[in-house]
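Below: the structure, in structure tokens.
Since every read-out is calculated from the coordinates, none of them should be taken as a lab result. Just so it is clear, the structure is predicted and the values come from calculations on it, not from any experiment. Virtual Cβ from ideal backbone geometry, glycine too; neighbours counted across all protein chains shown.
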Amino acid sequence: MTGDERPARVEDVHETAESMPHVTVVWGSGENPVYQVGGKSFVFFRNPRPDAFDPATGERYTDVIVFWVESPADKEAMVQDPSSPFFTTPHFNGHPSVLLRASRIGELSRAEVVEVVQDAWLSRASARRAAQWLAANKPT
């Protein structure tokens, strides 16, 4: 199993987000990191909120990561399969993002998480920065 095929870890989110160009990290409430490009968040770690909870126990999820997506179609593709670890809540209706519990990140490969973080960055970076990054990093 190559490094990209191994199960993803939360550290992969941090490492990938930090490796993208022009990224700054600000600290949200609860000292949770918020990764930004050009002052716009693209990945952030949420505090427990009433909209994301265990349906069996009612306990709020303490490990939700939010990733911006390019479009409503991208969001729908990621959350429509009930077996997918990505989800959304009514609070995020109409918002271009998907949620992932850190406790389920291992259901994804490292490569999948890297792609989600990179796509989140691309969805929020300026057109010039995105074009430069794509020219240097994506196969033609």
Length gained when the stretch residue 80-residue 95 is fully extended (0.36 nm per residue, less Cα-Cα span): 3.9 nm
Determine the distance separating the Cα centre of the stretch 113-140 from the Cα centre of the stretch 25-78; give it in Å without decimals. 20 Å
Could you run the Karplus curve 6.51 cos²θ - 1.76 cosθ + 1.60 with θ = phi - 60° over the stretch 85-98 and give me ³J(HN,Hα) per residue in whole Hz, x for Gly and Pro? x, 7, 8, 9, 9, x, 4, 9, 4, x, 9, x, 7, 10
Most packed first (mean Cβ within 10 Å per residue), the peptides 112-122, 80-90, 6-16, 29-39 order as 112-122, 6-16, 29-39, 80-90
For residue 107 and residue 5, compute 0.36 nm times the residue count separating them, minus their Cα-Cα distance, and round to one decimal in nm. 35.6 nm
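Can you bin the chain into rounded, prolate or oblate? Criterion: square roots of the alpha carbon gyration tensor eigenvalues sorted a ≥ b ≥ c, rounded for a/c under 1.5, prolate for a/b above b/c, oblate for the rest. List each step's numbers first, then the result.
Numbers: a/c = 1.57, a/b = 1.38, b/c = 1.14.
Prolate, since a/c reaches 1.5 and a/b exceeds b/c.
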